[in-house]
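The values are calculated or read from the model by the stated rules, or taken from the named source; none is laboratory data. Being a predicted model, the structure only gives us computed values, none of them experimental. Cβ sites come from the backbone with ideal geometry, for glycine too, and all protein chains shown count toward neighbours. Accessible surface areas use protein heavy atoms only, side chains included; no ligands, DNA or RNA. Shrake-Rupley method; radii C 1.70, N 1.55, O 1.52, S 1.80 Å.
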Amino acid sequence: MAQHAVFVAIESEKRQRWTVKADTLTAGSGHAGDEAVNDAIRVAITRLIQNREVDLDAYAGPIYFMMHGVRSEARARELAAALHAALYGDRGPLTRAAPPAS
């Protein structure tokens, strides 16, 4: 909060699963949420739910984002980094982390 940055973290759950969290309130009022970015994050989270990579209770913004049930720490870190990049305007990592079905 003191640095006015988006908060992103992963945490260990029971059953060796992981949670990914992001909160844009910590970035302060200067960090305006872009509707296109929020839409892209919602679409990505929906894909992850459909692919059963995250639990159904995922929360997709627009200010707070959470994904439970990620199966590995490495995947949780990848999703957290992609979410962080998207919240700062770079949607590329998010698209690679949750690509559209071909």
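Listing for the model above:
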read-out	value
Summed residue charge, Cβ within 14 Å of A81's Cβ, Lys/Arg positive, Asp/Glu negative	+2
Length gained when the stretch D34-Y64 is fully extended (0.36 nm per residue, less Cα-Cα span)	9.4 nm
Evaluated over the chain, the Cα radius of gyration and Dmax, each in Å	12.8, 43
³J(HN,Hα), Karplus 6.51/-1.76/1.60, whole Hz, each residue of the range 8-20, x for Gly, Pro	9, 8, 10, 9, 6, 10, 5, 6, 6, 10, 10, 10, 10
D23, D55, reordered so the largest accessible area comes first (probe 1.4 Å)	D55, D23
Amide hydrogen neighbours beyond the local backbone of E13, cut-off 5 Å, H modeled	W18, T19
Label zone at F7 (point 7 Å along Cα-to-Cβ), backbone N below 18 Å, the range 51-88	59-68, 80-81, 83-85, 87-88
Heavy-atom accessible surface of the chain: percent carbon and sulfur, 1.4 Å	53 percent
Peptide ranges 84-90, 72-78 listed from the most packed, as the mean C-beta count within 10 angstrom indicates	84-90, 72-78
Residues of the range 18-74: accessible area per residue with a 1.4 Å probe, Å²	53 Å²
Accessible area (Å², 1.4 Å probe, nearest 10) - V6	10 Å²
